Amino acid sequence: MSHPADPLALYPAHVAAMSHRYAQAAARGGFDALVIGSGILRYHFQDDQAYPYVADPCFRQWAPLLKHPGAAIVLEAGRQPILVLLQPEDYWHQPPDLPPEVIAARFDLRIIRNPADITHHLPRPALRTAVLGMPEQWDGLLPAAPRNPHAVVAGLHYARAVKTPWEIACIRAAAVIATPGHQAALAAFRAGAGEFDILAAFLGGCRQTEPELPYGAIVALNEHAATLHYQHRDRTAPRPHDLHSLLIDAGCSSCGYACDITRSYAFRDDEFAGMIADMDRLQQALCAAVRPGLPFAELHRQAHLGLGDLLARWDLVRMEPAAMVTAGVTAIFLPHGLGHLLGLQVHDVGGHMADESGTALQPPADFPRLRFLRPLEPGQVVTIEPGVYFIGSLLARLRAGPASGAVNWDRVERLRKFGGIRIEDDVLVTDSGAENLTRPLLGH
Ligand code: GLY
Ligand code: MN
Ligand code: MN
């Protein structure tokens, strides 16, 4: 697939595809018109300070306008989509910019100076209208219009799994932005930095602020890597003697789309470095196994068998890999899914849906909590993120259970200081297989 020098060249066709998709979704719900809000600023309790603004996903899907609270897109059958932008007169804050021509040209653009003026641009009362997005934006407006009706939202969420070329270009661009961040973070770790400074290196490398990231970056040294979504930033400067490992799970955004990348590193060339190399081989084999038609749960099962093999080879568990999976031993060391859909949100929606009416897919009995159950299809972007972790509470469960005798507890205890390993790439399902969007950029 060729990658255009300017992804915006793909934007007009994307808007045409969205016009068709959203019109169908409206018709399925019995609506003549849709109003898609960008969301509004929300404030801390009894305070004049706002939370970081994040544009609502359906709005972002239409327009890469990320700093436009109070905006909306109005869709009516047979009319050009209307884009209403709020550009208040404000000398406390910088008002949002007008969009570039390539975006503005797709819409009937209307600029308002006061939030209340949006009423002049909403569908006529005679039309059956539904509202999508944060309901608070519509308090006191369009009282008869249902907010986020299931019949409309389910179809949009189902369709969102398969990306348009514009959406794929945005995810590629997010990965390009994240790459120097990961490189700078690795250099900081090698130089002996602590979590706070590794995060600062990541942000400096990718030149995004924390609120611009699609999810809170996870920067976990040593045993902190055993907390899957470790959220702190330890300020202390570690002594080199106390540094063992880094797990960094950090992505960037581009035009409202996310990438989601994890790397794990050993501080020394020790046995943990060898374990990371083994996990990396397993992760790359799983990425290479991605192909259309494969149910994602099947790939998840392959990941557990591969992990069972590693646990046996590392002399951590003395059981056959298949028996480890059946007995729930691998789930102690890998208690999360192999991956998820990626796009407008880091954990993108629709992973449990069988069709556009939102019929729920049932998870397999052996993996009841998987968040992505659909068969792989060309155009989906998924993460592949196997791992192995030494999590105190889960290990205590294993120790109290029937498989305890098969575990080499001395070795498990020796490895706990490393926390764990996760290796995560973003993979595009193609017509014949898969393309790893992130690994060629990072080079490792
Ligand atoms: N960054 C969260 C995840 O990998 O799912
Ligand atoms: Mn992920
Ligand atoms: Mn991640």
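Every number in this text was worked out from the coordinates using simple rules, so none of it is lab data. Everything numeric here is computed off the predicted structure, so don't read it as measured data. So basically every Cβ, Gly included, is an ideal-geometry build from the backbone, and we count neighbours across all protein chains shown.
Across the range 419-428, in residue order, what do the Karplus-derived ³J(HN,Hα) couplings come to in whole Hz, using 6.51 cos²θ - 1.76 cosθ + 1.60 with θ = phi - 60° and x for Gly and Pro?
x, x, 10, 9, 10, 9, 10, 10, 10, 8
Going by Cα centres, the range 178-227 and the range 398-443 are how many Å apart?
20 Å
Compute the relative contact order of the chain as a whole-number percentage, counting only Cα pairs closer than 8 Å that sit 6 or more residues apart in sequence.
Averaging sequence separation for qualifying contacts and normalising by length gives 16 percent for the chain.
Take the alpha carbon gyration tensor of the range 1-89, find the square roots of its eigenvalues, order them as a ≥ b ≥ c, and report rounded if a/c is under 1.5; if not, report prolate when a/b exceeds b/c, else oblate.
Taking the square roots of the gyration eigenvalues as a ≥ b ≥ c, the range 1-89 is oblate.
What is the gain in length, in nm to one decimal, between Ala323 and Ala23 on full extension, counting 0.36 nm per residue of separation less the C-alpha to C-alpha distance? Write out the running numbers ahead of the final one.
Details: separation 300, 0.36 × 300 = 108.00 nm, distance 5.03 nm.
Working it through step by step, the gained length comes to 103.0 nm.
In whole Hz and in residue order, list the ³J(HN,Hα) couplings for the range 246-259 that follow from phi through the Karplus curve 6.51 cos²θ - 1.76 cosθ + 1.60, θ = phi - 60°; x for Gly and Pro.
With the stated coefficients, the range 246-259 comes to 10, 10, 10, 10, 8, x, 10, 10, 9, 6, x, 10, 9, 10 Hz.
Pairing the Cα long axis of helix 165-190 with the longest principal axis of the chain, what angle in degrees results, from 0 to 90 and rounded to the nearest 10?
The angle comes out at about 40 degrees.
Give or take rounding to whole Å, what are the principal axis extents of the alpha carbon atoms in the chain, in descending order?
72, 47, 46
Using each residue's phi in the range 79-84, evaluate 6.51 cos²θ - 1.76 cosθ + 1.60 at θ = phi - 60° and report the 3J(HN,Hα) Karplus result to the nearest Hz, with x for Gly and Pro.
3J(HN,Hα) across the range 79-84, in whole Hz: 10, 5, x, 9, 10, 9.
Working from Cα positions, state the angle (0 to 90°, nearest 10) between the long axis of helix 150-159 and the longest principal axis of the chain.
Around 60 degrees separate the two axes.
Compute the angle between helix 296-313 and the longest alpha-carbon principal axis of the chain, please, reported from 0 to 90 degrees and rounded to the nearest 10.
Orientation of helix 296-313: about 20 degrees from the principal axis.
Which value, in debye to the nearest 20, gives the size of the charge dipole of the range 356-432 about its Cα centre, when Lys and Arg are +1 and Asp and Glu are -1 at the Cβ?
I would put it at about 700 debye.
Placing +1 on the Cβ of each Lys and Arg and -1 on the Cβ of each Asp and Glu in the chain, which of Leu34, Gly358, Tyr257 has its Cα farthest towards the positive end of the resulting dipole?
Gly358
Given an 8 Å cut-off on Cα distances and at least 6 residues of separation, report the relative contact order of the range 269-423 as a percent.
30 percent
Quick one: putting +1 on the C-beta of Lys and Arg, -1 on the C-beta of Asp and Glu, what dipole do you get for the range 54-213 around its Cα centre, in Debye to the nearest 20?
Values: 14 positive and 15 negative charges, 122 e Å.
With Lys and Arg at +1 and Asp and Glu at -1, about 580 debye.
Over the range 1-142, what is the relative contact order in percent, taking alpha-carbon pairs closer than 8 angstrom and at least six residues apart?
Relative contact order here is 29 percent.
Can you give the log10 of the normalised intensity I(q)/I(0) at q = 0.21 Å⁻¹, computed with Debye over equal Cα scatterers of the range 271-331?
-0.83
Report the one residue of Tyr230, Leu338, Ser245 whose Cα lies farthest in the direction of the positive end of the charge dipole of the range 230-348 (charges on C-beta: Lys and Arg +1, Asp and Glu -1; origin at the Cα centre).
Tyr230
Which value, in Å to one decimal place, does the Kirkwood hydrodynamic radius take for the range 30-129 when every pair of different Cα atoms is included?
On the way: mean 1/r = 0.0691 Å⁻¹.
For the range 30-129, the Kirkwood estimate is 14.5 Å.
Can you give me the Cα centroid spacing of the range 121-138 and the range 14-54 in angstrom?
Spelled out, the Cα-based centre of one part sits 10 Å from the other.
Dipole size in debye (nearest 20) for the range 3-101 around its Cα centre, Lys and Arg Cβ +1, Asp and Glu Cβ -1?
460 debye
What is the Cα centroid distance between the range 89-116 and the range 66-88, reported in whole angstrom?
9 Å
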